[in-house]
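So the structure is just underneath, and the comments pick up after that.
Each value in this text was obtained by applying a stated rule to the coordinates, not by laboratory testing. Since the structure is predicted, the reported quantities are computational estimates derived from the model, not experimental observations. Backbone-built Cβ (ideal geometry, glycine too); neighbour counts: all protein chains shown.
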Amino acid sequence: MRKLFPLLVAAAALADAPKPPSTEEALVANVATAKFADSTTPNATKGMQAAVIGVDPTTKGATAYLKTPAGTGLPAHWHSAAEYTVLLSGKGTLTLDGKQHDVAPGGYVVIPAKAVHQFVCSAGTDCMLLVRRGGPADYNFVK
């Protein structure tokens, strides 16, 4: 029982943690009131932040705002599920399967499952993105 007690306490804490709303129910989000936290994404640079808006109850894919500091981004990687992204502010370069694309505010990107990609926010101003994932976020970095 002594070994089980810490697990029960941890499970109770997780059960009490607020759950993100479902993306399949009525939802109105505003970046100005979003609750940002430092990114827990592997290889995230200092200053990257995320605010989860909701989670699809079927696919477990999250929708979130992402802040990326100017001049930074994640190394090249791929995910097991598709990713749908809108650049809300800033500008940057998306490399998708080896081809570079300039992305400006309002730009919409669909990244198919397993497509190698990297977004780098341009120098001079931070980037704000809205990302919806087609399934749980996994990061498979390319060496």
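What trypsin sites (Lys or Arg not before Pro) does the range 96-132 have in DSSP loop regions with at most 15 other beta carbons within 10 Å?
Loop-located and lightly packed - LYS114.
Counting C-alpha atoms alone, how compact is the range 21-141: give Rg to one decimal and Dmax as a whole number, in angstrom.
Spelled out, the Cα radius of gyration and Dmax of the range 21-141 are 13.5, 39 Å.
Using only Cα atoms and rounding to the nearest 10 degrees, what angle (0 to 90) does helix 4-16 make with the longest principal axis of the chain?
Roughly 60 degrees between the two axes.
Only four residue types carry charge here, +1 at the Cβ of Lys and Arg and -1 at the Cβ of Asp and Glu. Report the dipole size of the range 21-141 about the Cα centre in Debye, rounded to the nearest 20.
Dipole magnitude for the range 21-141 comes out near 160 debye.
Taking amide H positions as placed 1.01 Å from N in the peptide plane, with prolines and chain starts having none, which residues 5 or more places from SER22, or on another chain, fall under 5 Å of its amide H?
VAL55
Ordered by residue, what ³J(HN,Hα) values in Hz, to whole numbers, does the range 96-106 give under the Karplus form 6.51 cos²θ - 1.76 cosθ + 1.60, where θ = phi - 60° and Gly and Pro are x?
10, 6, x, 9, 8, 9, 6, 10, 10, x, x
Under 8 Å for C-alpha pairs, at least 6 residues apart: give me the relative contact order for the chain, rounded to a whole percent.
Dividing the mean separation by the residue count of the chain yields 25 percent.
When HIS77, HIS101 are ordered from fewest to most other Cβ atoms inside 10 Å of their Cβ, what list results?
Starting with the residue having the fewest Cβ neighbours, the order is HIS101, HIS77.
Less than 11 Å Cβ to Cβ from TYR84, Lys/Arg counted +1 and Asp/Glu -1: what total charge do the surrounding residues give?
That works out to +1.
Once amide H atoms are placed 1.01 Å from N in the peptide plane, what residues at a sequence separation of 5 or more from SER39, or on another chain, have their amide H within under 5 Å of its amide H?
MET48, GLN49, ALA50
Quick one: what are the phi-derived ³J(HN,Hα) couplings along the range 88-94, Karplus 6.51/-1.76/1.60 with θ = phi - 60°, whole Hz, x for glycine and proline?
8, 8, x, 8, x, 10, 9
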